[in-house]
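Each remark here refers to the structure printed beneath this line.
Every read-out reported here was derived from the displayed coordinates using simple, explicitly stated rules and does not represent laboratory data. Values in this document were obtained by computation on a predicted structure and should not be read as measured data. Cβ atoms come from the backbone with ideal geometry, glycine included; neighbour counts cover every protein chain shown.
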Amino acid sequence: MTPRRYTLIVLAVATLGLAAAWLFANRLGMAFLESGYPIVVAKHAVVAHCQAGEVAILGDSRAEAAVIPAELPLPAANLALGATGPVESYFTARALLRCPQPPKLVIYAHSIEAFQTVGQGIWQRGARFGLLSFTDLRDIAATAATLHDTTLDQISTNDGLSGILRDLAYSTGFPSVFLPSALQARLFGRWQSNLRVRDAVSTARGHVVYPDDPSAGATGHDAPIGRDATIGRFAPIPLETHYTKATFALLSQAGVDTVVIPIPLARATLAALQPGVAAATVAFIADQTHGIPHVSDDFTAVIAWPDRYFVDGSHMNKAGATLFSRRLAACVTTWRSTPAAPCDLAWQDGD
Amino acid sequence: MLFSSLIFVFGFLPLALAGFFLTARLGTRLAGCWLVGASLVFYGWWSPPAVLLLLASIAFNYACAWAIIALETRPAAQATVTGIGVVCNVAALGYYKYLFSLIAFLHGFYHGLAMIDPIILPLGISFFTFTQIGYLIDCKAGLTRDRDPLNYLLFVTFFPHLIAGPILHNRDIMPQFADRRTYRLDSENLAIGLTFFIIGLLKKTACADPLSAIVQQGYADPAALDAVGAWNLALSYSLQLYFDFSGYSDMAIGLARMMNITFPRNFESPYKATNIIAYWQRWHISLTTFLTSYVYTPVALAVMRYRSRHRLGINRAAQQTPAGFASMFAAPLLITMVLAGIWHGSGLTFLIFGALHGVYLCICHAWRLAHPNPPPATPALRLGCVALTYLSVLLGSIFFRAPSVTAALHVLAGMTGLHGATLSLASAGSQMHLLHMALLYAIVWGMPNSLQIMARTRPVIGPVEPAPAWFPAWSPTWYAAAAIGLAASLAVLGLGGTTEFLYFQF
């Protein structure tokens, strides 16, 4: 065989192999991706098919665990996603508004930490799971550049990529970014469990039950203390601040009522919170919502519920979520007639 | 830029190759300039300002070389210029690599000493500095023939060796850049180079990188390791280092070959060595050659001349006396190996690593002097020798990797059971990890190396031992192409978890 033909065959086989891997990674994610993926798939389907109903919940893992849509008095969908922040919520809100009949009410709830960090999740979950497109990622990068926010540039992913190449690799599903998950799952090992998760999340309209894991607390204290307690001071980054405000503006322009609420922390976590963090967060939310039509701020305090309703000091267990959702249901009923009406979600001894 | 990054594989390499052969059609000088430009882009990818330091180093050394050659008829002046050149190179290396550590070390004893900010170590400074020191010494010795500035630039900056070696010798490389045939696309060399590159990439991404998490975790808290955990850590690192460097060396050979340049050998199954001398003839061969030529031999010769002048004897009988052995073997070996150790880094761990290998080499030489006619080695004896050599190297590698001497001692304490000796397989990691390790050991000790597999292609400068008869040697066949193509797919898939080459930090 001539060397030229040899080289061509090497390149052809390599290309075919990569194409097969690409196809596998992008078409069969359910087979091997981690359990966050079927949750995203379930929620993405709700948005794509415009089935969010009248109330949509946007936020992160704490909102995802705390709000049970079935307990609310109106058709609702919990579109909050773990390990995401205001950036991802903006793009979910934008997708929702493409529907002929978008939700009438959006409940917006991010944890303190979500405003002051942006991590690998933008690519590892947002882009890899199909939540963010290449254009979205470039929008985010351009916004960060405009704001002189270098947080994105400082994040290193294992692939060694950065900038536009990283955005391209993750948003096009280049197979190498899936390999660690595929190996972990031994290619098809997560198929059944992922299908179960997807179906469970779809049935629960986006609510995710967080398993009890007492060791998940930040400090190993008897009553688990959540990650929020590790925050030294509240320092929101420009990128998350921008997308928080942009989400409110977007929803406001579309005439969708938005209410920002606090999701309860465990009492042990609140007690361990650094002084000033809670007040600074409340002030920050007030600043972001101030003067925007259709946006109400019910985040007037960082609230705490009894420790028994939490799996790890931050995320509510099923009993906590049920009680909290019932309290929220009463508020939603009020908001239906009076969107700006204040609503107290703090623990009351009668609960 | 890493050889094992998506940007290199799919962006830089195709562009660099295409540009090289296309510009070569317009002239070899233009192709040379293209290659220098591409190499500078490759070097500056992480830190563009570092290119200025590289260029300054090249300009300084070329000027020194020019002066050394011009002063051929004035040996004293020539020696002075050579000395200045070498000292300046060593000083630059000392400044970037050792100054901060030295001041921090002294600061521990004398707090009045002002601390300085950490100095960012330019990538590959040890490699391009050593390469150029060798050139200056060869200029002084009248061994350099090609003095073309473009060929010199190519010799120093050629990207396949720029950041992590091999340390090239001008006599091996500059004539190849002067040869017009180098600038013609050769489909056979392209096929051979591509094959080498893919084999190296697979070693890096599929063999070395998966071990990095275990090694990082282990060295983050070595005091917590029990016996199984500590052995797992030490063995994992020894394999990670082996496949990382082996993979890098294959990739460097392959990249150079694609551009019709043949590199010297740098890595040849070191864990198959039956003694520590053979180990250093197989591990980082270009560094061993450099240190032998420019440190060990001059020191040993100086000692022998001194002994000869003072009638102390230099023959075998003299070598077997304690004083003779200490001066003619132990001192040059220890000096060379301590330098080899601290060449890798400024910490005390590297010094111990070098000294340890110096002691190993002394023992090995002493044994040879005491047993000049050893009996033929039986398979069992060979196996024992390989095992003993590997264990000695393993011990050194703990100091080589550990962030501090204390951490290294913790690992050693763990390995000897001082941190608990429970036979818990959980400490050894997952079943997948154990299977991976077993497979890697099977490759290390059961397979011929890349050079042997590719022996037919004359992959490196000098002779290559062929693969054993039972192993099919490489030739451009359908099945070889399909296997290498498949290996390429797997290697590229592994780029998602790419980590830096271990030798980049030196």
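B:His433 versus B:Leu30, label points 7 Å from Cα toward the beta carbon: distance in nm? Label at B:His433, label at B:Leu30, 5.5 nm between them. Sorted from greatest to least, the principal axis extents spanned by the alpha carbons of the range B:6-185 come out as 63, 51, 21 Å.
For chain A, the longest principal axis of the Cα atoms and the long axis of helix A:86-96 meet at an angle of about 90 degrees. For the range B:103-130 and the range B:170-193, write down the distance between their C-alpha centroids in whole Å. Computed from Cα coordinates, the inter-centre distance equals 39 Å. Here the Karplus relation 6.51 cos²θ - 1.76 cosθ + 1.60, evaluated at θ = phi - 60°, turns the backbone of the range B:393-409 into coupling constants of 5, 4, 4, x, 5, 5, 5, 4, 9, 4, x, 7, 5, 4, 4, 4, 5 Hz, with x for every Gly and Pro. Cα convex hull, the range B:312-397: 96 Å³ per residue, rounded to a whole number. Extending 7 Å from Cα along the Cβ direction at B:Leu185 and again at B:Tyr441 yields two label points whose distance is 4.7 nm.
Magnitude of the Cβ-charge dipole of chain A, K/R +1 and D/E -1, about the Cα centre, nearest 20 debye?
Details: 26 positive and 28 negative charges, 269 e Å.
I would put it at about 1300 debye.
Spatial offset of the range A:77-148 relative to the range A:14-37 amounts to 24 Å, using the alpha carbon center of each.
Note on A:224-233: average number of Cβ atoms from other chains within 10 Å of each residue's Cβ is 0.
The modelled label-to-label distance between B:Ala224 and B:Leu391, using points 7 Å beyond Cα along the C-beta direction, is 3.0 nm. Residues whose amide H falls under 5 Å from that of A:Ser296, counting only those 5 or more places apart or on a different chain, are A:Thr258, A:Val259, A:Val260, with hydrogens built in the peptide plane. Of the residues B:Met174, B:Phe105, A:Leu28, the one whose Cα sits farthest towards the positive end of the charge dipole of the protein assembly as shown is B:Met174 (charges of +1 on Lys and Arg Cβ, -1 on Asp and Glu Cβ, taken about the Cα centre).
Only counting other Cβ atoms within 10 Å, I'd like B:Val464, A:Val260 sorted with the fewest neighbours first.
Working: B:Val464 20, A:Val260 23.
Lowest count first: B:Val464, A:Val260.
Can you tally the net charge around A:Ala127? Count Lys and Arg as +1, Asp and Glu as -1, for every other residue whose Cβ sits under 13 Å from the Cβ of A:Ala127. Combined, the nearby Lys, Arg, Asp and Glu give -1. Taking the Cα centre of the range B:192-291 as origin and assigning +1 to Lys and Arg Cβ atoms and -1 to Asp and Glu Cβ atoms, the resulting dipole is close to 420 debye. For A:Thr15 and B:Ile84, the FRET efficiency from 1/(1 + (r/R0)^6), where r spans their Cβ atoms and R0 equals 60 Å, is about 0.65.
Taking the Cα centre of chain B as reference, the dipole from Cβ charges on Lys and Arg (+1) and Asp and Glu (-1) amounts to some 1380 debye. For the protein assembly as shown, the residue among B:Pro122, B:Leu22, A:Thr135 whose Cα projects farthest onto the positive side of the dipole built from Cβ charges is B:Leu22. Shape index of chain A: Rg/Rh, with Rg the Cα radius of gyration and Rh the Kirkwood radius from the inverse mean 1/r over Cα pairs, equals 1.00.
How big is the Cα convex hull of chain B in projection, averaged over all directions, in nm²? Could the numbers behind the result be given before it?
Numbers: hull surface 108.6 nm².
Seen from a random direction, the Cα hull of chain B projects 27.2 nm² on average.
Around the amide H of A:Phe310, modelled in the peptide plane, lie the amide H atoms of A:Asn317, all under 5 Å away and 5 or more residues distant in sequence or on another chain. Cα-Cα over 32 Å: which of B:Lys97/B:Lys140; B:Lys97/B:Lys203; B:Lys140/B:Lys204; A:Lys104/A:Lys318? Beyond 32 Å between Cα atoms: B:Lys140/B:Lys204. Centre-to-centre, using Cα atoms only, the range B:291-342 and the range B:1-44 are separated by 45 Å.
Let me have the relative contact order for chain A, percent, based on Cα pairs under 8 Å that are six or more residues apart.
Values: 623 pairs, mean separation 81.2, N = 351.
It comes to 23 percent, rounded to a whole number.
Between beta-carbons, use under 11 Å as the cut-off and find the net charge around A:Gln274, counting Lys and Arg +1, Asp and Glu -1.
So the environment of A:Gln274 carries a net charge of 0.
For the range B:306-399, trypsin sites (Lys or Arg not before Pro) are listed when DSSP marks them as loop and at most 13 other Cβ atoms sit within 10 Å of their Cβ; the list is B:Arg311. Normalised by the number of residues in the range B:6-185, the mean separation of alpha-carbon contacts (under 8 Å, six or more apart) gives a relative contact order of 27 percent.
Three semi-axes describe the equivalent ellipsoid of the protein assembly as shown; taken as square roots of 5 times the Cα gyration tensor eigenvalues and ordered largest first, they are 59, 30, 27 Å.
If you average the sequence gap of Cα pairs under 8 Å that are 6 or more apart and divide by the length of chain B, what percent do you get for the contact order? Walk me through the intermediate numbers first.
On the way: 670 pairs, mean separation 96.9, N = 506.
The normalised contact order for chain B reaches 19 percent.
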